[in-house]
Amino acid sequence: MWFGAYFRPGWLEDHWVAEYWNPVTGRWHMVDAQLDGTWQAMISFRGDPFDIMAAEFVTAGHAWHAWRRGELDADRCGLSAIGEHGAYWIAGNLRLDLASLNKLEMLPWDVWGAGWEPGAQPTEEVLSCFDTVAELTVDPDVRFIDLLKRYETDVALRMDGTVFNVLRGERETVLAN
């Protein structure tokens, strides 16, 4: 769950991409399946949609770190079209990243566990929790065992089978394999 810098200048828009391991280059490549010829022309995208660069896309972990260092305005991260943005949005994407890295891919509007409401202020405990999640997710290959352990043992981060579906405005049970 990351933020695309190429949709609206000056904004990091909530957007999802995929990654694949390229054995020839020996690294992960980000791919944006939405960037077909029509989209590329519409937003004047000049990059390679099969190899999205770090300057074009900011992961939730990197956005969190930049915000905490005072290098990023969190109010420029989210979905500008609906007026939803802020540090809570970055935190929500961190929670989704952690779940995805634990093979639990959720919908972007599913909310559970640690976080805070728009307009509210996070506690130091919540900030510390997401500092750790950001550290674990910025380079998941380095501390993968720690990442798995944190998700499995932290009830504030692990999805317990129930989410608040923001799109529907209600709590619902989620079935997981």
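Readers should treat all values here as calculations from the given coordinates under stated rules, not as data from a laboratory. Everything numeric here is computed off the predicted structure, so don't read it as measured data. Please note: Cβ atoms are built from the backbone with ideal geometry, for glycine as well, and neighbour counts cover all protein chains shown.
Before moving on, here are some points about what is shown:
- Which of VAL126, VAL17 has the fewest Cβ neighbours within 10 Å, and the rest in rising order: VAL126, VAL17
- Ellipticity estimate at 222 nm from DSSP helix runs (n ≥ 4, -39,500 (n - 2.57)) divided over the chain, nearest 500: -9500 deg cm²/dmol
- Paramagnetic reach from GLU84 in the range 148-177 [backbone N under 19 Å; point 7 Å along Cα→Cβ]: 159, 162-174
- Protection proxy ranking of 157-164, 128-135, 113-120, 86-93 - average other beta-carbon atoms within 10 Å, highest first: 86-93, 128-135, 157-164, 113-120
- Working ranking of peptides 2-8, 148-154, 40-46 by packing, defined as the average number of other Cβ atoms within 10 Å per residue, highest first, is 2-8, 148-154, 40-46.
- Residue-span extension gain [ARG168 to ASP75] - 0.36 nm each, minus C-alpha spacing: 31.0 nm
- Fully extending the segment from GLN34 to MET53, taken as 0.36 nm per residue of separation minus the present Cα-Cα distance, adds 5.3 nm.
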